[in-house]
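The values are calculated or read from the model by the stated rules, or taken from the named source; none is laboratory data. Since we're looking at a predicted model, the values are computed, not measured. Quick reminder, even Gly has a Cβ in these numbers, built from the backbone with ideal geometry, and neighbours come from all protein chains shown.
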Amino acid sequence: MGSLLKKSAIGLGVVIAVAHIGALGHLIGKNDRESEFVTIPLPAVNEYSSYRITATRDGYSIEYIGNDPRVMTDEARNSQGGGFLGFGGNRESSRTTQYTQDGARNQGGEDSGGKLSAQEIACIEAAGGGRSSGAIVGGSIAAAAAPTLISIPYVGWLAAGWATLFAVDKGGEIGASAQQMIEGC
């Protein structure tokens with residue numbers, strides 16, 4: 001029985017050895033053959049481009065879009081106090097702007113290279129002038145009310161200062177928005 005077990009073990013070892021040698025020979029021979037894979041040249045890709053590759057046994061095709069999306073959308077929402085001096089509810093506004101990759105904001109012109117247009121400069125100047133005029137008016141209104149506020153015991157000086165700062169700030173905001181409205185910004 002011992003010799004039968006010994007012969008079986010040797011036979012099994014020979015079968016496994018031949019199988020391994022055969023598998024190695026198959027793998028080595030496969031590397032010598034031409035590879036089934038091809039190298040596909042990929043197009044230049046950035047955040048505005050896309051491509052799709054379709055590959056079959058007969059070949060491949062590449063669909064490349066160089067400026068995708070062609071028109072992009074920017075949405076902004078703004079909520080600010082409405083009414084007299086910011087009291088009386090909120091005023092909400094939204095703005096949707098479409099633009100292209102080069103930065104031209106759908107005004108029919110080319111990209112200005114970061115320079116402001118004449119209308120943008122006029123709007124900024126109008127907002128600055130309106131803000132300073134509105135702040136002067138707001139401060140004047142608060143100065144007229146200051147003697148009444150100062151007469152409040154213990155905290156009158158604090159109330160007068162707070163009212164002046166608040167009126168100057170709100171007057172500046174109202175003046176800037178009014179002047180921009182007048183200028184058509």
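Scanning for something closer than 29 Å to Ser177 by Cβ and either at pLDDT 70 or above or outside any loop (DSSP other than H, G, I, E, B) (or both), does region 100-109 turn up at least one residue? Lay out the reasoning, then the answer.
Filtering region 100-109 for residues closer than 29 Å to Ser177 by Cβ gives 103-109.
Pick out the ones that are also either at pLDDT 70 or above or outside any loop (DSSP other than H, G, I, E, B) (or both) and you get none.
No.
Contact list please: Cβ distance under 6 Å, first residue in region 52-65 and on the phi < 0 side of the Ramachandran plot, second residue among the acidic types (Asp, Glu) and part of a strand (DSSP E or B), pairs at least six apart or on different chains.
Pairs that qualify, where the first residue is on the phi < 0 side of the Ramachandran plot and the partner is among the acidic types (Asp, Glu) and part of a strand (DSSP E or B), are Arg52/Glu63.
Could you please find all residues in region 20-79 being part of a helix (DSSP H, G or I), modelled with pLDDT under 70 and not small (Gly, Ala, Ser)? Break it down stepwise before answering.
Within region 20-79, the first condition is being part of a helix (DSSP H, G or I), and the residues that meet it are 20-32.
Pick out the ones that are also modelled with pLDDT under 70 and you get 29-32.
Those that are part of a helix (DSSP H, G or I), modelled with pLDDT under 70 and not small (Gly, Ala, Ser): Lys30, Asn31, Asp32.
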